[in-house]
Amino acid sequence: MHCDFLRSILQPLTERTEGDQMGSSIESLPQKRALLHEGKAKKVYTTDRDDLFIQEFKDSATAFDGTKKGTIAGKGSVNCRVSAKLFKYLQKWGVKTHFVDLLNANEMTILPVKIIPVEVVVRNIAAGSLVKRLGFEEGRRFPLPIIEFYFKNDSLHDPLMNDDHIRAMELATAAELAFLRREALNVNDALTEFFGNAGIDLVDFKLEFGRRPDGSIILADEISPDTCRLWDRKTGKKLDKDRFRFDLGDVEQAYAEILERTGAADESKR
Ligand code: AIR
Ligand code: ASP
């Protein structure tokens, strides 16, 4: 990919589209208050408004349980804009998400939720830990999507868990688990179609959900090349974090390509 092109789409939105951010003159932008949580790739802040948090996307990357560390230039802004694009698409599809608005290329306003410490993974094609654990041949397409749950717990190294574990730990009720499965499959249908239209196979992905004060559960976190495996349909080229995990090269280019091909490069407003 040409370098100027790369630079232009990786450049922060604020530098490119002055006066084209959210924040009309009527409503002022929410201001960051306390840092509520800092993860490996994101920070979440409270704001001067009770009903909004700000989620900031970082360029830092980790893999293999934090043992591999690095920086992917422009990743924060790609993941923020791609997530915004996909959350908006999912909302049209009827999926409730925490996304409210894009503030700038690296930050979005979100609804406050309490994250349920269960990572919901959906797989359409064999890759990653599934290949390692069960010996599937990488690239094998499943007749039906596979759903897996992982306990989001760093000290335990995010172990695989089943419905009974989740209920025993009181992380979710039976009805909530049924909802998580249904919603994950619904998201899979929507995103498979979305990426398919861009000539990309959605191999697998990870979702996180959160609880609202009223007890309802909505989709949270991010949906990006950090959390999805995305393969070019024609060439099979990996366009996701596996390029970083396995030192495949062209890492920044792959993220930039996903930004472009999803149409997320133009993301600025609701
Ligand atoms: N994932 C899991 N934990 C963190 C992330 N981002 C995502 C991976 C991959 C899917 O979940 O990015 O898309 C399955 O990962 P794995 O390693 O279990 O094969
Ligand atoms: N679990 C995440 C990944 O592999 C990050 C990490 O392991 O540090 O993408």
| request: Under 7 Å between Cβ atoms, at least 6 apart or on separate chains: pull out the pairs that start in the stretch 143-157 with a residue that is farther than 14 Å from Ala126 by Cβ and end on any residue that is at pLDDT below 95 and in a strand (DSSP E or B). | output: none
| So Phe244, is it of a type outside the set (S, T, N, Q), in a helix (DSSP H, G or I) and in the same structural domain as Glu137 (by TED's automatic domain parsing) | no
| Tally time: how many residues in the stretch 53-78 are surrounded by 14 or more Cβ atoms within 10 Å (Cβ to Cβ), within 18 Å of Asn153 (Cα to Cα) and either more than 12 Å from ligand 2 (Cβ to nearest atom) or free of Cβ contacts under 8 Å to residues at least 40 places away in the same chain (or both)? | 1
| message | Based on this model, can you work out whether Ile146 counts as surrounded by 20 or more Cβ atoms within 10 Å (Cβ to Cβ) and not aromatic (Phe, Trp, Tyr)? | response | no
| said: Exactly one of these conditions fails for Leu177: (1) in contact with an Asp or Glu (Cβ under 6 Å, 6 or more places away or on another chain); (2) away from ligand 1 (no atom under 15 Å from the Cβ); (3) closer than 24 Å to Lys42 by Cβ. Give me its number. | reply: (3)
| request: Report those strands (runs of 3 or more DSSP E) wholly inside the stretch 59-160 carrying at least 1 residues which are more than 13 Å from ligand 1 (Cβ to nearest atom). | output: 60-63, 68-71, 99-104, 107-110, 141-151
| message | Pairs needed: first member in the stretch 219-246, within 27 Å of Gly94 (Cβ to Cβ); second member anywhere, more than 12 Å from ligand 1 (Cβ to nearest atom) and among the polar types (S, T, N, Q); C-beta distance under 7 Å; at least 6 residues apart or different chains. | response | Leu219/Thr97; Glu222/Ser83; Ile223/Ser83; Ser224/Ser83
| task | Note down all Cβ pairs under 8 Å where the first residue falls in the stretch 182-206 and is at positive phi, the second is assigned to a helix (DSSP H, G or I) and at pLDDT 95 or above, and they're at least six residues apart or on different chains. | result | Gly199/Arg261
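Just checking, which of Leu207, Leu171, Leu191, Leu180 is among the aliphatic types (A, V, I, L, M) and either in a loop (DSSP other than H, G, I, E, B) or more than 26 Å from Thr109 (Cβ to Cβ) (or both)?
Leu171
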| Exclusive hit being more than 16 Å from ligand 2 (Cβ to nearest atom), farther than 13 Å from Glu148 by Cα and in contact with a helix residue (DSSP H, G or I) (Cβ under 7 Å, 6 or more places away or on another chain), set Ile218, Ile223, Ile200, Ile166 | Ile200
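Could you tell me how many of the residues in the stretch 226-239 are under 11 Å from Ile200 (Cα atoms) and within 14 Å of ligand 2 (Cβ to nearest atom)?
Restricting attention to the stretch 226-239, the residues satisfying the condition of being under 11 Å from Ile200 (Cα atoms) are 229-239.
This time we only want the ones that are within 14 Å of ligand 2 (Cβ to nearest atom), so: 229-230, 238.
Of the residues in that region, 3 qualify.
Considering each residue of the stretch 89-118, count those that are of a type in the set (D, E, K, R) and under 12 Å from Leu219 (Cα atoms), and give that number.
To start, the set of residues in the stretch 89-118 that are of a type in the set (D, E, K, R) comprises 92, 96, 101, 107, 114.
Next, from what is left, pick out any that are under 12 Å from Leu219 (Cα atoms): 96, 114.
Final tally of qualifying residues: 2.
The values are calculated or read from the model by the stated rules, or taken from the named source; none is laboratory data. Keep in mind it's a predicted model, so treat the numbers as computed, not measured. When we count neighbours, we look across all protein chains shown, and the Cβ atoms used for this are built from the backbone with ideal geometry, even at glycine.
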